[in-house]
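The values are calculated or read from the model by the stated rules, or taken from the named source; none is laboratory data. All values reported here derive from a predicted model rather than from experimental measurement. Cβ placement follows ideal geometry from the backbone for every residue including glycine, while neighbour counts extend to all protein chains displayed.
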Ligand code: MN
């Protein structure tokens with residue numbers, strides 16, 4: 001059944017994630033397009049930070065979890081673990097999953113359209129070699145998803161590689177560092193958490209220790225500061241300096257200009273600017 005695994009893994013009385021409308025999926029599948037299908041990437045801080053890469057196909061979102069996120073450098077192959085199909089409604093989801101499967105914070109990191117560069121997408125998926133173009137805010141141009149055939153330990157047949165093809169949209173800039181925030185709200189993880197209850201994980205944090213645990217510590221502290229308007233305890237000075245380095249431009253250009261620099265085109269600049277205005281009225 002469509003979305004069966006997605007539904008099995010979740011308790012929809014406990015998660016704000018969409019429950020997945022099977023009829024909607026079936027109707028959308030009937031109107032299947034062959035170009036400019038929906039795609040998105042959700043940055044997901046759970047037990048580990050990862051980027052969920054999703055391509056609309058036959059009414060659902062085919063999904064891969066990419067631990068390090070997409071790279072614009074064609075020399076860099078990013079591991080992408082195939083996960084269960086997600087409902088099309090998931091494509092605009094951003095928010096906090098308090099507990100259960102995927103507990104943590106979900107940010108809509110990029111979205112746009114994708115177009116297959118093959119005639120038969122189903123055959124390409126079966127073969128494990130899908131070439132396509134993306135037209136998002138951050139990711140553009142030609143890409144490929146290739147199944148590794150179990151060459152990566154622990155992956156089995158779920159392990160694929162996401163690779164950028166050489167074109168005008170390729171480059172060495174680390175796009176995850178360069179444009180870290182949401183294309184929906186403009187916010188970072190702390191701002192998304194501050195929209196809800198930053199105290200949600202008083203007892204059971206989705207990750208303790210390690211990189212993800214440290215990220216949660218900083219994010220929860222900042223979210224509580226934003227929510228209450230006061231600092232809780234000693235500010236993490238070193239962390240702040242690091243975060244500033246990662247997100248602040250060298251010159252005092254706004255985020256819009258930075259994303260547009262990557263995007264290289266006036267069209268993308270306009271689109272991004274419009275989006276930013278829409279997100280921050
Ligand atoms: Mn995820």
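Annotations for the structure displayed:
- Test: residue 85 is more than 10 Å from the ligand (Cβ to nearest atom), at pLDDT 95 or above, over 14 Å from the mean Cα position of the chain (by Cα) and crowded, with 21+ Cβ neighbours inside 10 Å: yes
- Residue ID - nearest to the ligand (Cβ to nearest atom), chosen from residues in the range 96-122 that are more than 21 Å from residue 143 (Cβ to Cβ) and not in a strand (DSSP E or B): 102
- Scanning the range 17-46 for residues that are surrounded by fewer than 17 Cβ atoms within 10 Å (Cβ to Cβ) and under 20 Å from the mean Cα position of the chain (by Cα) turns up 19, 36.
- Hey, residue 164 surrounded by 19 or more Cβ atoms within 10 Å (Cβ to Cβ), farther than 28 Å from residue 17 by Cα and more than 16 Å from the ligand (Cβ to nearest atom) or not: yes
- Considering residues of the range 44-61 that are over 21 Å from residue 97 (Cβ atoms) and touching a residue at least 40 places away in the same chain (Cβ under 8 Å) only, the residue nearest to the ligand (Cβ to nearest atom): 55
- Of residues in the range 65-82 being assigned to a strand (DSSP E or B) and out of contact with any helix residue (DSSP H, G or I) (no Cβ under 8 Å at 6 or more places or on another chain), the one nearest to the ligand (Cβ to nearest atom): 65
- With respect to (1) surrounded by fewer than 19 Cβ atoms within 10 Å (Cβ to Cβ); (2) more than 17 Å from residue 20 (Cα to Cα); (3) under 15 Å from the mean Cα position of the chain (by Cα), the lone exception for residue 110 is condition (1).
- Restricting 29, 103, 25 to those that are at negative phi and touching a helix residue (DSSP H, G or I) at 6+ places or on another chain (Cβ under 9 Å) reduces the list to 25.
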